[in-house]
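Worksheet for the structure shown next.
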Amino acid sequence: MTDVSFERPRFLTESDCHDLAKRLEGVTSGGGYTVVQIASAWTGVVRWARNQISTASDVRDNAISITRNIRGAMGTVSINETTDASLVAAARQAERIARLHPERPQSDLATRLPLEPQERPELFSEATYQLDADRRSVAATALARTATAAGMLSAGDIVVTARSLATLDTEGRKLYFQYTAAEYHVTVRDPRGVGSGWAGIDHHDWNMIDAAKLTATALDKCLRSRNPVRVEPGRYTTILEPQAVGDFMHGLFTNGLWGERQPMNLNTNLAPGTGGIGPFNKVLKPIPYTNLGERVIDERLSISADPRDPELGFPPYSAVPGNGVDQFTVPVYHKVTWIDHGVLTRLAYTREDGINMGQALGLPNSGAFRVSAEGKTSTIEEMIGTTKRGIVVTRFDSPTLLDLRSQLYRGYTRDGLWLVEDGRISKPIKNLAFTESILFALNNVEQIGTPQRVFCGSMTMPFNVPQPRIVPALKIRDFSFTALTDAV
Amino acid sequence: MRLDDGAVTTWEELAQRGAAAAKRAGAQYADARLSRTVIHPLGFTGIWDWYETIGVGVRALVDGYWGFTAVPGGDLVTVEELARDAVAQARMNARGTPRTVELGSIPQAVGRWTMPVGIDPFTVPFEEKLAMMQSWVDYAHEVGVMIDPPASGLHFIRRERVVATSDGSRFTQTVYESGGKIMAEKVQNSSLPLEGLTAAGKGWEMVLDADIPAQLRALPGRLAAHQEREKNPKPVQVGRYTVVCDGATMASLLERTLGIATQLDRAMGYEANASGMSFLDEPLEMLGTYQVGSPLVTVTANRSAPGQLATVKWDDEGVMPDAFPLVKDGILVDYQTTREQATWLAPYYRKVNKAVRSHGCAAGDDALSIPLQQMPNLALAPNATNDSLDDLVSNVSKGILLVEGKARTDFQTRAGILTGVMREITNGRLGQPLVGGALNFDTRDLWKHVEALGGPATCVTAAATPFPYPAAFERLGGLYPVKGEPPQHLSCSIQAGAAAVANQPVIVLMRKA
């Protein structure tokens, strides 16, 4: 049994995108030039809960962003349909919006800019592309059985997606990239609500995801986390499993590693008090002065990102349509080492900032990162074995930024938290809220594990680009837990 | 969507053919949706976006298992193919352990409904909207103030939806959302939001009614009063206090705690691996007996209040939503439900002589998203007296006034953090502003300690919506609750008045252990 329509192309291919751009060119009026940005996605999902498949879906969608630029006056319209009629309507609307703007020939920079060179990582997996509803259903049913057999309840998600990203303009510039992504994550809970375990991973290749092993890990964590006892909040030597490190450090990439030219955080969506000067900026004027060249974290750690890294691999550019983006502002990702042996070596900047600094390229931050470790690494067991009293954390629930400058976050532990006493795990403990700075933690590292890929999620959102993470487990001194929660 | 091939002449007919095709392919139940959504944010920085999406989706039920397929746009051939795929998918899933889904019976929904708004914002020309916005910028300059462009904007949304079910429902529905945020200031970094633009199920009239020029004229006075109030701040002292919250704060608390916790799918673990769970996790044991708040706390839900964001005539399953209590006099009495979920509570409903029926909370972002149980409009019933915020303050000997508060909770809504603008209360009088504090609340403890409510005059209607944030397609973790996989985020309105909450732990937010 296979889907009737599964054999058809499930996202816009390179020739579809070129055809669309050509059809669009034929219907524009008023001169100037046109940029079309396309994100096209097929996404197959199976979800289960209480050990039974609860929903499943197979969805195709596009975000086609059409920008008409008439002598620097721009109008952008986003649509998802590819018919001639919808292209005509979108072009007319974009031209109408453009006409409402003043013409600014002098700022029409995009017309003069060559394309940035683009990396070509291989991120298209047939195994992911061929994981149809039938295969997803078989996998989900088998995985749910593990929890059933143990008398536990599981809820899980298998997501597979194939996507293309294209940017095309009437000046002849073309960017196209296609990739797949797969993710598996599962929560196993005690039916009495007294224990919970979780495991998950994502990869462009479904074959690289050992779903059975992850399910066993989630089940094991659930069983071992049952009937937690209360320990008082406070500072603990804390062993962060790789997933917890990934959850925690992600904020540094969203809120921290920028500022060579833009020290003010202009993100008005942040909570009050979180705007202002970035963590690696010292003063504002005349030229933003940064901590570049200074040691900012433990010198055994380096942080880098490379779209072509065979283990990390991520799309070489992002084209989130809308927001008035034109080709000029498409972030193209390059190989970069942000922090080298603890020393801050680079901070992100846009291409516009790069040109203002006399450089041809931008250095945008993709959000993907690899944390590598120098010297001896330790297993989690070795970290536990050398701990007199401490806490082991499976993962964190949505850390919230409290202070931009110190990278202070607050969030909760979840799905497996244990007390370590005299070199061994002594008991499961109730979840805790933490209030801690990433920079403080990364300067209080006792032991480092072997870096491994962890779950980044978000691939179900049709227009998100993967931001994979490779991180080690870390044993941190004096990690600050500030409150208890009864949430299991 | 192509209707010109002669095979179908209306969207409703196309949807109906989709549902019928699924039924022919073996579905016990099916529904098909067509949607056209326009999202139109207008910034003050020259960013005027226009997102228009169109979609068709078919959902099918076979032997207790669902399948769902969707594409952007399409014709009769596509829709019938989607229907067969949805059925095939459901059938594959049904190879697992037997599962029963009972949908109960519902009246057929037939007809057309358009949310009544004063002025359809999509009939107001783009040029007129921009001219209006420019006139505010100019006028602000004239009266010696400024609008902060990056922090300000308007947004308008129109969602047209056609639904046909294999039960015979067939309807067309259009809803609107209008809202915005305008920050204005006299000197930089001292801006205040103008009022009257909270997102709502309204039209362009909201913008006219807000009378922005009058607000700009009054701004210097407001700013001066605000600065006076902010004078001599002192650090908050950690401890337990009676906290008097304004309506906006109670609305945020209601949304993030009881609003999320009374979603039946979350309570039953269906969202355990996605948006999270609920501390109200034993529905059949807790309903009718479990105390979630003080006897003053009554929370009702509706999808019918005029001008509110979740208001519809029919939900995505053709159910006409009812207004229903979730918490009555402090006791949990119901959950938010869809057709499938309502039958999970049948033993309780029968025991208390309530009809086993969906409350009409099924909704998807659009036809490309699988319908889920989504939050309806919520209301915290005010006190029948006319107590004002000042009256509540005057009854507190040692406490804190907290206004414009925002709550965040853990994944089970058991505990959370409430931040906002704080001021000390001593012997019934307001004292100095307090800085650096937050309420580190336990959800159940907080609602149980509600010891006084303000009257209807303290009520505000807040919006739980991802807009007007510009990045319409990005997941904005933490700013508003999302649900499902892929995550969805429907808008709803939350109405609440002021309250005094005793014995609440106040912490210094940024203090580490």
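The values are calculated or read from the model by the stated rules, or taken from the named source; none is laboratory data. None of the values given here were measured: they were computed from a predicted structure. All Cβ positions, glycine included, derive from the backbone under ideal geometry; neighbour counts span all protein chains shown. Just so you know, the surface numbers come from the protein's heavy atoms only, side chains and all, with ligands and any DNA or RNA stripped out. Shrake-Rupley method; radii C 1.70, N 1.55, O 1.52, S 1.80 Å.
Remarks
- Odd one out for A:A94, checked against (1) more than 30 Å from B:G64 (Cα to Cα); (2) within 11 Å of another protein chain (Cβ to nearest Cβ); (3) outside any helix (DSSP H, G or I); (4) touching a Ser or Thr at 6+ places or on another chain (Cβ under 7 Å): (3)
- When A:S86 is tested against (1) surrounded by 16 or more Cβ atoms within 10 Å (Cβ to Cβ); (2) more than 12 Å from every other protein chain (Cβ to nearest Cβ); (3) more than 30 Å from B:G96 (Cβ to Cβ), only condition (2) is not met.
- Any hit, region B:381-394, residues being under 22 Å from B:S278 (Cβ atoms) and either in contact with a helix residue (DSSP H, G or I) (Cβ under 9 Å, 6 or more places away or on another chain) or open to solvent by 10 Å² or more (accessible area, probe 1.4 Å) (or both): yes
- Selection from region A:179-216 of residues that are within 22 Å of A:T148 (Cα to Cα), outside any strand (DSSP E or B) and of a type in the set (D, E, K, R): A:D190, A:R192, A:D210, A:K213
- Evaluation of B:D442 against (1) within 14 Å of chain A (Cβ to nearest Cβ); (2) in contact (Cβ under 8 Å) with a residue 60 or more places away in the chain; (3) surrounded by fewer than 24 Cβ atoms within 10 Å (Cβ to Cβ) (one fails), failing number: (2)
- Any hit, region A:380-394, residues being within 14 Å of another protein chain (Cβ to nearest Cβ), farther than 16 Å from A:E232 by Cα and either touching a residue at least 40 places away in the same chain (Cβ under 8 Å) or surrounded by 19 or more Cβ atoms within 10 Å (Cβ to Cβ) (or both): yes
Residue by residue, here is whether (1) among the acidic types (D, E); (2) in contact with a Leu (Cβ under 8 Å, 6 or more places away or on another chain) holds:
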{"position": "A:A155", "(1), (2)": "no, no"}
{"position": "A:V159", "(1), (2)": "no, no"}
{"position": "A:S164", "(1), (2)": "no, yes"}
{"position": "A:D169", "(1), (2)": "yes, no"}
{"position": "A:R173", "(1), (2)": "no, yes"}
{"position": "A:A182", "(1), (2)": "no, yes"}
{"position": "A:T187", "(1), (2)": "no, no"}
{"position": "A:P191", "(1), (2)": "no, yes"}
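- Residue count for region B:408-426 under the criterion of being in a strand (DSSP E or B) and open to solvent by 50 Å² or more (accessible area, probe 1.4 Å): the result is 3.
- The residue list B:V238, B:V244, B:V297 contains one member that is open to solvent by less than 10 Å² (accessible area, probe 1.4 Å), out of contact with any Asp or Glu (no Cβ under 9 Å at 6 or more places or on another chain) and not basic (K, R), which is B:V244.
- The single residue among B:A94, B:A30, B:A109, B:A19 that is more than 28 Å from the chain's Cα centre (by Cα), small (G, A, S), open to solvent by less than 60 Å² (accessible area, probe 1.4 Å) and under 22 Å from B:K313 (Cβ atoms) turns out to be B:A19.
- Qualifying residue in region B:169-187 (condition: free of Cβ contacts under 8 Å to residues at least 40 places away in the same chain and open to solvent by 50 Å² or more (accessible area, probe 1.4 Å)): yes
- The listed residue being open to solvent by 10 Å² or more (accessible area, probe 1.4 Å), outside any strand (DSSP E or B) and among the hydroxyl-bearing types (S, T, Y), out of A:S398, A:S406, A:S372: A:S406
- The number of residues in region A:59-75 that are out of contact with any helix residue (DSSP H, G or I) (no Cβ under 6 Å at 6 or more places or on another chain) and open to solvent by 10 Å² or more (accessible area, probe 1.4 Å) comes to 4.
- Among the candidates A:S15, A:S40, A:S57, A:S65, residue that is within 11 Å of chain B (Cβ to nearest Cβ), among the polar types (S, T, N, Q) and free of Cβ contacts under 8 Å to residues at least 24 places away in the same chain: A:S57
- Checking each residue in region B:315-354 for being touching a residue at least 24 places away in the same chain (Cβ under 8 Å), assigned to a helix (DSSP H, G or I) and closer than 17 Å to B:L280 by Cβ picks out B:Q341, B:A342, B:W344, B:L345, B:P347, B:Y348.
- From B:F44, B:F68, residue being within 14 Å of another protein chain (Cβ to nearest Cβ), closer than 27 Å to A:A139 by Cβ and either buried (at least 18 other Cβ atoms within 10 Å of the Cβ) or free of Cβ contacts under 8 Å to residues at least 40 places away in the same chain (or both): B:F68
- Enumeration of residues in region A:437-450 that are under 25 Å from the mean Cα position of the chain (by Cα) and in contact (Cβ under 8 Å) with a residue 60 or more places away in the chain: A:I438, A:L439, A:A441, A:L442, A:N443, A:V445, A:I448, A:G449, A:T450
- Qualifying residue in region A:412-424 (condition: open to solvent by 20 Å² or more (accessible area, probe 1.4 Å), touching an Asp or Glu at 6+ places or on another chain (Cβ under 6 Å) and within 8 Å of another protein chain (Cβ to nearest Cβ)): no
- Single residue of region B:54-65 satisfying the filter (open to solvent by 10 Å² or more (accessible area, probe 1.4 Å) and at the interface with chain A (Cβ under 10 Å from one of its Cβ atoms)) that is modelled with the lowest pLDDT: B:I54
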